[in-house]
Amino acid sequence: MSANPNRTDIRNRLAGYWKLELANAVMIPALAIFLTSTSHSELGWLSWLSFVPMSGLLVVGGLYWRGKLDALEGRAARLGRVLAQADRWQVPLAILSGAAFLAAIASWLDPGLSVSLADRITASVCSTLAVLEYVNYYHRQLQHFDHLADFRRLLAGRGFRPAQMAVDLRRFRAGMVK
């Protein structure tokens with residue numbers, strides 16, 4: 001019995017996507033640390049504060065997409081566990097993302113809050129990514145460049161659709177996903 005081509009396409013996308021999200025949770029902070037060290041600059045609490053929600057959201061996202069892949073392959077138990085964790089972490093990640101973003105803005109108004117220009121830039125970029133990832137996972141799908149059908153939907157003026165994880169979380173909270 002051959003797999004449905006659409007299902008195969010989805011499986012192939014998910015197989016790489018969850019790994020990319022988890023890798024980015026480590027690679028983005030590592031790249032920031034590497035770039036600042038090669039420029040003889042330093043990162044302080046401001047950058048580390050921004051790394052936490054950004055990486056946390058990427059981990060939640062990576063585990064979610066892995067759970068979706070498992071569910072597609074007939075192993076739905078992991079998805080339920082991941083949704084329980086995503087539900088538990090939503091408010092803390094929202095607070096941390098907002099706090100990191102506000103701290104980054106404050107550092108531009110009072111540079112003494114940061115240890116360097118690189119610290120302010122890193123915190124600004126990573127906290128902005130955290131806020132965007134939060135919206136992208138918990139509310140509206142912002143990413144439309146990796147799947148042609150989503151990009152066409154956006155170009156057709158049909159706006160941003162609900163995030164897939166947000167839809168699944170509503171189902172989980174209603175007891176429809178175990």
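The values are calculated or read from the model by the stated rules, or taken from the named source; none is laboratory data. All figures in this text were calculated on a predicted structure; none of them were measured in a lab. Methodologically, a virtual Cβ is constructed for each residue, glycine included, from the backbone with ideal geometry; neighbour enumeration extends over all protein chains shown.
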Problem set entry | Tally of residues being buried (at least 20 other Cβ atoms within 10 Å of the Cβ) and either more than 20 Å from P111 (Cα to Cα) or more than 21 Å from the chain's Cα centre (by Cα) (or both) across the stretch 40-51 | 1
For this session: Might you let me know whether the stretch 61-74 holds any residue that is under 30 Å from T8 (Cβ atoms) and not in a helix (DSSP H, G or I)?
Result: yes
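Do we find a residue being among the polar types (S, T, N, Q) and either in contact with a Phe, Trp or Tyr (Cβ under 6 Å, 6 or more places away or on another chain) or farther than 22 Å from L14 by Cβ (or both) anywhere in the stretch 43-50?
First, the residues of the stretch 43-50 that are among the polar types (S, T, N, Q): 47, 50.
Still in the running and either in contact with a Phe, Trp or Tyr (Cβ under 6 Å, 6 or more places away or on another chain) or farther than 22 Å from L14 by Cβ (or both): 47, 50.
So far as the stretch 43-50 goes, yes, one or more of its residues are among the polar types (S, T, N, Q) and either in contact with a Phe, Trp or Tyr (Cβ under 6 Å, 6 or more places away or on another chain) or farther than 22 Å from L14 by Cβ (or both).
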For this session: Take the stretch 24-39 and flag every residue that is out of contact with any helix residue (DSSP H, G or I) (no Cβ under 7 Å at 6 or more places or on another chain), surrounded by fewer than 14 Cβ atoms within 10 Å (Cβ to Cβ) and touching a residue at least 12 places away in the same chain (Cβ under 8 Å).
Result: V26
For this session: Answer with yes or no whether L102 is at pLDDT 95 or above and more than 24 Å from V26 (Cβ to Cβ).
Result: yes
Problem set entry | Positions within the stretch 46-75 being over 16 Å from Y137 (Cβ atoms) and in contact (Cβ under 8 Å) with a residue 60 or more places away in the chain, in sequence order | L46, S47, L49, S50, F51, L72, E73
Problem set entry | Hits in the stretch 62-118 - residues which are small (G, A, S) and surrounded by fewer than 17 Cβ atoms within 10 Å (Cβ to Cβ) | G74, A76, A77, G80, A84, G98, A99, A106, G112
